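Here, each number is a calculation from the coordinates, and none is a lab measurement. Just so it is clear, the structure is predicted and the values come from calculations on it, not from any experiment. Cβ placement follows ideal geometry from the backbone for every residue including glycine, while neighbour counts extend to all protein chains displayed.
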Amino acid sequence: MKTTIELSEALFEQAKAAARAQQTTLKALIESGLRMAIHPKATPAAQTVWPDLSFHPQAANAGHLLEPSQWREAANPSSWPAQQ
């Protein structure tokens, strides 16, 4: 389909230069721009922020590492200290 549009001289020159730089035609450049305007891509999802789970043995109130021989006892809730 043919149509006529009026562009400012500056925009027209920029569009021609962009088409040359992209090694495409002005028609293809305009069609691509219209497609992008009609069907914009979804905004990127927010980046997931993961909590710091690193072990800091020098930090105040730091936990302690268990030896493998202590794992079974530690996993048994009946051996845990009572909550106050």
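Hey, rough spin-label estimate for residue 67 and residue 15, points 7 angstrom out along Cα→Cβ, what's it come to in nanometres?
7.8
Distance in nm between label sites at residue 2 and residue 41, each 7 Å beyond Cα in the beta-carbon direction?
Modelled inter-label distance: 3.5 nm.
Cross-link partners among lysines for residue 16, C-alpha distance below 20 Å, same-chain residues fewer than 8 apart left out?
In chain and number order, the partners are 2, 27.
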